[in-house]
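Inspection log for the structure reproduced underneath, given as structure tokens.
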Amino acid sequence: MTWQFTLTGLLIGVLVGLTGMGGGALLTPILVIVFGFKPTYAVGTDILHGAVFKSFGAVRHRRLGNVHAHLTLWMFAGSGPLSLLGVAAASWLERSYGDGVQSAEGYAIGAALVLGAAGLVAKTFIKRGMQPSDAGFVLQRKDKIRAVVIGAVFGFIVGLTSVGSGTFFGLVMVMVYPLTIARIVGTDIFHAAALLWIAGLGHLLQGNVDLHAMGWLLLGSIPGIWISSRFTLQIPQDALRLGLAGVLALSGIKLLNVPAAGYVIAVGLGVGLTAFVVWLATGMRGVQSRTDETQRTDDSGAPAHRGDRDGIRGDAAPEARA
């Protein structure tokens, strides 16, 4: 099974390249639900894949000057060590409770996915911390303490479940620190790359990474993000973020083995499909309306330039006949 991994990587790469959102959060549930990976191996493979994958974006944002280096450093001071604790906790859960889909690690991933979905929804509507200008922001002592605590809490979750490196940190930065959206995104990606390298190497040393699958995933994801990032997607970012949140929530419900989960997933997919069809129909009507309006405008000016059958302009025809 090789091309399936490459196709999955391409899907993840295209999604991240087009939207800038954390499509990597989809990889762990895909590996578990679709490919039948044990949860711990899915987490380790996802994290190390994300480390390589996000390093490209991190270098790009650093060159563009979109990274708040001091904030990244203080968050990493908490997230790096605690991510290794999360890796150790994942291995302990595997040894103590098994590593099946319905194991303790599987439930932890499911809960993290549901929390990640809630975080994406909140991230869609919470904008209060964003600043319109690139005015300098100097970290005070309280800001540094917050950064370390934020890094510690969510770094542990990332090391344990692989979920949250592109969701939780960005959401909290929006709420806490006065940065522009470009610096929030750049700092988030740069910090995520550093964090995932630490957690990924920890999982690799624990033997939780499928290097064969990771290589084939990278074969699709790196070209995917490289190509798709050069195109502009005409779908609203909020709609995409909410759609991704819905997918994460349904995946989390599946892994949590919620009673009647099949019905919940079916209803959720039905609602999502209906919303997509309505959005698509509305968009097509809008395009048709603009096309009709343009055509009417063109037609209204046409008589002044329309010729007779003999090729002479209408306003000159009487003189020509005379």
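F37 passes every criterion in (1) assigned to a helix (DSSP H, G or I); (2) over 25 Å from R183 (Cβ atoms) apart from (1).
Starting from residues that are open to solvent by 40 Å² or more (accessible area, probe 1.4 Å) and under 19 Å from the mean Cα position of the chain (by Cα), keep the ones in region 190-207 and report whichever is nearest to G65 (Cα to Cα). Among those residues, the one meeting the criterion is F190.
Inspect region 210-225 for any residue being modelled with pLDDT under 70 and either part of a helix (DSSP H, G or I) or buried (at least 16 other Cβ atoms within 10 Å of the Cβ) (or both) and give the result as yes or no. The answer is no; no qualifying residue exists.
Only residues that are outside any helix (DSSP H, G or I) and at pLDDT 85 or above: list them for region 133-150, please. Matches in region 133-150: L139, Q140. Sub-9 Å Cβ pairs linking a first residue in region 103-128 that is within 17 Å of T161 (Cα to Cα) and part of a loop (DSSP other than H, G, I, E, B) to a second residue that is at pLDDT 80 or above and among the β-branched types (V, I, T), at least 6 apart or interchain, are S103/T40, ordered by first then second residue.
The values are calculated or read from the model by the stated rules, or taken from the named source; none is laboratory data. Just so it is clear, the structure is predicted and the values come from calculations on it, not from any experiment. Cβ sites come from the backbone with ideal geometry, for glycine too, and all protein chains shown count toward neighbours. The protein model used for the area step is the full one, side chains on, heavy atoms only, and it has no ligands, DNA or RNA in it. Shrake-Rupley method; radii C 1.70, N 1.55, O 1.52, S 1.80 Å.
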